[in-house]
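**Student:** Shown below is the structure under consideration.
The values are calculated or read from the model by the stated rules, or taken from the named source; none is laboratory data. Treat the numbers as computed from the prediction; the structure is a model and nothing was measured. Cβ atoms come from the backbone with ideal geometry, glycine included; neighbour counts cover every protein chain shown. The area values use the complete protein model at the heavy-atom level, side chains included, leaving out ligands, DNA and RNA. Shrake-Rupley method; radii C 1.70, N 1.55, O 1.52, S 1.80 Å.
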Amino acid sequence: MNRLAGKAALVTGAGRGIGAAIALAFAREGAAVVLAELDLDTAQRTAARIEAELGAGARVLAVQTDVTQPASVQHAVSEGARAFGGLDILVNNAGINVFCDPLTMTDADWRRCFAVDLDGVWNGCRAVLPGMVERGAGSIVNIASTHAFKIIPGCFPYPVAKHGVIGLTRALGIEYAPRNVRVNAIAPGYIETQLTHDWWNEQPDPAAAQQATLDLQPMKRIGRPEEVAMTAVFLASDEAPFINASCITVDGGRSALYHD
Ligand code: NDP
């Protein structure tokens, strides 16, 4: 449908899950896409998927990137700019679950969580903002979580970092609004990815944990990565020119539910 025709986007953590779905959706909408991913093999698999679907029209570049390292993110942005001109869109998607009890959590757990889930988002923003400000246009989409405003016991400090992602989104959205750079977030609820399956598999009874998750959902199912990707396309596109410093929840209504 070419809703992103002529635009270039960088998506972090695009090797699988929500990031891969966003990269594919962006490419289908006509964007050139940089897949900035820790694991180059999975990024190349996403690239091959895009090329297989779009053929010669595909403009895609896989770049090994660690979002915790500013120089690595800057390298991916520079490679993207070299291949496709300046970047119009950034999706800070890479994230990890670090779920601990606060008092038994190690310092390393705390640092690992913040390094990826919050510093990683800032590293992405800092790398693309100068170019977006110079061109007077840009859209940044940060993948937060419903953990950004709801708490599940035993999931510390992930929600602390995700609250920070919303704070960063709002602060940068206001800072750069006069330069026509929009910064928004998406808060997914449970989405069926490897991350979610890993969490179920860590529980004493994975099948029961999966069923318990489904039972909590108003729609009696969890979300699909493509459903987050559709929202990312909207926020990144020119269909959302006055949405800024905002967050769209994609959770089938779960966070609005008090109880059954
Ligand atoms: P996945 O674990 O399936 O995918 C995450 C991707 O990010 C992986 O390809 C992973 O690479 C990559 N990644 C991890 N660390 C880094 C890093 N340091 N630098 C670059 N890439 C990295 O997760 P999801 O797709 O489920 O989650 C994507 C985002 O959505 C995350 O921010 C997550 O917090 C958020 N989210 C997910 C929800 C869900 O239910 N799935 C719900 C709410 C929010 P590798 O495989 O090499 O580690």
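**Student:** For residues that are within 14 Å of the ligand (Cβ to nearest atom) and open to solvent by 50 Å² or more (accessible area, probe 1.4 Å), tally how many sit in region 33-68.
**Tutor:** Final tally of qualifying residues: 8.
**Student:** Against the conditions (1) open to solvent by 70 Å² or more (accessible area, probe 1.4 Å); (2) under 26 Å from HIS75 (Cα atoms); (3) within 11 Å of the ligand (Cβ to nearest atom), where does ARG135 fall short? Just the number, please.
**Tutor:** (3)
**Student:** Further question on the same structure: Out of curiosity, is ALA209 within 20 Å of the chain's Cα centre (by Cα) and more than 19 Å from ALA20 (Cβ to Cβ)?
**Tutor:** no
**Student:** Answer yes or no: is there a residue in region 169-180 that is within 15 Å of ASN93 (Cβ to Cβ) and either among the hydroxyl-bearing types (Ser, Thr, Tyr) or open to solvent by 30 Å² or more (accessible area, probe 1.4 Å) (or both).
**Tutor:** yes
**Student:** Here is a further query. What pairs come up if the first residue lies in region 106-120 and is in contact (Cβ under 8 Å) with a residue 60 or more places away in the chain, the second is surrounded by fewer than 22 Cβ atoms within 10 Å (Cβ to Cβ) and hydroxyl-bearing (Ser, Thr, Tyr), and their beta carbons are under 7 Å apart, counting only those six or more places apart or on different chains?
**Tutor:** GLY120/THR68
**Student:** Just name the residue that is nearest to GLY124 (Cα to Cα) out of those in region 140-153 that are near the ligand (Cβ under 7 Å from one of its atoms) and β-branched (Val, Ile, Thr).
**Tutor:** Among those residues, the one meeting the criterion is ILE143.
**Student:** Moving on. Can GLU29 be described as more than 26 Å from ALA115 (Cα to Cα), open to solvent by 20 Å² or more (accessible area, probe 1.4 Å), more than 16 Å from the ligand (Cβ to nearest atom) and touching a helix residue (DSSP H, G or I) at 6+ places or on another chain (Cβ under 7 Å)?
**Tutor:** Spelling it out, GLU29 is indeed more than 26 Å from ALA115 (Cα to Cα), open to solvent by 20 Å² or more (accessible area, probe 1.4 Å), more than 16 Å from the ligand (Cβ to nearest atom) and touching a helix residue (DSSP H, G or I) at 6+ places or on another chain (Cβ under 7 Å).
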